[in-house]
Amino acid sequence: MNDHPCPSFHHRQSAHCESGVVANLIYREGIDLSEAMAFGVGRGLFFGYFPFIRINGLPLVTYRGVAGQIIKQFGRLPGCSVHQQRFGDRDRAMAELDGALAAGRAVGLQTGVFWLPYFPRALRFHFNAHNLVVYGKQGDDYLVSDPVFPEPVRCPAADLARARFASGALAPRGKMYTITVDPAVFSCRPHIEAAIGGVCRLMLASPLPLIGIKGMRFLAGRLVRWPHRLGRERAVLHLGHIVRMQEEIGTGGAGFRFMFAAFLQESADLLGAERLSDCSKALIQAGDGWRRFAAMAARICKERRQPGDSWEALADQLRGCAAREETVFQDLRRWSKGPR
Amino acid sequence: MAMDSSHPSREPDINDGLRIINYRADSDGRCRRHQGYGWQPVNIVNHQAWQEIEKQIGAAKRRIAAGTASCLYYYMIANQMSPALLARYTDQPSWLVRLHLRPFVFKRLGRATLQKYADVFQVAPADLAAGELKAPIYQSR
């Protein structure tokens, strides 16, 4: 591992790819930033149900902000600059990556999971918004710090090029980014309040019925009718898809609610704000609700129903999550606006 | 809340034993990072998704055996693609890809077009021409 100008990278395994990449890239610049803090300040939490966008023929449900959201937010913070590029040409994109590596940089990439050979077989879907860090090249292999893996991995150049130019929804178009931080200026602390306010706005006050708390209620209404509209088989596939989006690799469990709760807790300690700590606990309750939803959904998918399991009960569970989160975010909104 | 169901299962799962990070509330009410295998409900729904894909692959093979689809159809389905996605990967209009799914048209494809498909599916053009059904990309290594 020593014949390259940038052979080492402090790899920290993370729950979610984008917050993990941002936290690790900033950590490399000499600032101790946790994944949860990156996720929170990057305003990662979200809910959206977009039936008109299809992933493998199933409607998009997302529990986090659009891909690239956290990176974009960090690019706006003083003392932190993000240099981001997309490419039309594959060879140029790879040459540019090699150039950045030769200059001793660690580079963040957006990739399509399907084309990454080191991924477990079962996770290789056409999902194009997976972030990872490339920190070196040895022979034909790139040295990759993929935040969801316990250790750094290697990826052959041809496969990485394919992954960078995956097609379909959220196509990365070779997106690569580097982060530079001025440690004298940069601090997350002054931005916590605005970040929480921003998340609350999206969760509570979106004009679209598909977003935030309204989106959860909308989905609950739709979900009840799936068995009649789609037939049992398709309905179960749709339901399984929701749970996969909520719990699959890179969600930190409970559709990112636990990760955001960890951020609130860390912020509470940092700012000495007891109220944030209470909100964190309330959000954990909401996260538990999501997990009960997932558990019941999985039982329905597997035809292992317990007494009380039904599509109506699932919708109620979802509405319960919406109600709990509504209270949490209203409280957080008051905190972010109010005097302390 | 039943605490058992919130803990990741201890057995290696569908992720080939990959240990992932999850945030989970500890008994003191604080969320912390934990490393573990997947959670049982997730494994169930992941498994379900793969069963569906395998069902589709089975159906595709039957169609090819019956002569109503070209082997391109198998490769497309096995690699979880739609004609539109395959069209984007091969830089062609999607109606053309749909046409190539018919055995009659597929048999008459030129070498350059076969090469395009072979590159995407990481097989030899000869395999495609011979109608051989090789494993999808995610299983070949």
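Quick notes on this structure:
- Footprinting exposure proxy ranking of A:321, A:80, fewest other C-beta atoms within 10 angstrom first, gives A:80, A:321.
- FRET efficiency, 1/(1 + (r/R0)^6) with R0 25 Å, evaluated for residue A:54 and residue B:62 via beta carbons: 0.50
- Semi-axes of the equivalent ellipsoid for region A:61-112, Cα gyration tensor, largest first, Å: 23, 17, 9
- Gain on full extension, evaluated as 0.36 nm per residue between residue A:313 and residue A:158 minus their Cα-Cα distance, stands at 51.0 nm.
- Per residue convex hull volume, Cα atoms of region B:49-133, in Å³: 83
- Rg to Rh, two decimals, where region A:17-181 supplies the alpha carbon set and Rh follows Kirkwood: 0.95
- For peptide A:119-127, the mean count of partner chain Cβ atoms within 10 Å of a residue's Cβ comes to 6.
- Distances between placed amide hydrogens fall under 5 Å for residue A:80 paired with A:182, all partners being 5 or more residues away or on another chain.
- Here the extension length gained between residue A:208 and residue A:90 equals 38.8 nm, from 0.36 nm per residue of separation less the Cα-Cα distance.
- With a simple spin-label model that places each label point 7 Å from the Cα along the Cα-to-Cβ direction, the separation between residue B:104 and residue A:10 comes to 6.6 nm.
- Percentage relative contact order, region B:73-128, counting C-alpha pairs under 8 Å, at least six apart: 25
- Counting neighbouring beta carbons within 10 Å and listing from fewest to most, the residues A:83, B:100, A:228 come out as A:228, A:83, B:100.
- Listed residues B:66, B:124, B:49, most fluctuating in chain B (Gaussian network, C-alpha, under 10 Å): B:66
- Extension gain for residue A:228 to residue A:194 (0.36 nm times residue separation, less C-alpha to C-alpha distance): 7.9 nm.
- Per-residue average of Cβ from other chains inside 10 Å of B:79-90: 3
- When chain A is treated as a Gaussian network with alpha carbon springs shorter than 10 Å, the biggest mean-square fluctuation among A:272, A:215, A:139 belongs to A:139.
- Order by protection proxy (mean Cβ within 10 Å, highest first), peptides A:277-283, A:39-45, A:26-32: A:39-45, A:277-283, A:26-32
- Using the Cβ-Cβ distance between residue B:53 and residue A:102 with R0 set to 41 Å, the FRET efficiency works out to roughly 0.50.
- Under a Gaussian network description of chain A, with springs only between Cα atoms under 10 Å, the residue in A:306, A:317, A:246 that fluctuates furthest is A:306.
- Take every pair of alpha-carbon atoms less than 8 Å apart whose residues are at least six positions apart; their mean separation over the length of chain A yields a relative contact order of 20 percent.
- Dividing the mean sequence gap of close Cα pairs (under 8 Å, 6+ apart) by how many residues chain B holds gives a relative contact order of 16 percent.
- Sites residue A:306 and residue B:32 - FRET efficiency at Förster radius 30 Å, r taken between beta-carbons, to 0.05: 0.50
- Mean-position separation - Cα centroids, region A:293-340 and region A:180-195, in angstrom: 33
- Residue-averaged beta-carbon neighbours from other chains (10 angstrom radius) around A:234-242: 3
- Spin-label pair residue A:81-residue A:138: with each label point 7 Å from Cα along the Cα-Cβ axis, the two points sit 3.3 nm from one another.
- In sequence order, region A:126-135 has phi-based couplings of 7, 10, 9, 10, 8, 9, 8, 10, 9, 10 Hz under the Karplus curve 6.51 cos²θ - 1.76 cosθ + 1.60, θ = phi - 60°, and Gly or Pro positions carry x.
- D (Stokes-Einstein, µm²/s), Kirkwood Cα radius, chain A, 1.306 mPa s at 10 °C: 76
Values in this text are rule-based calculations from the coordinates and carry no lab data. Small disclaimer: the values here were computed from a predicted structure and weren't measured. Because the Cβ atoms are built from the backbone with ideal geometry, glycine has one as well, and the counts that use them run over all protein chains shown.
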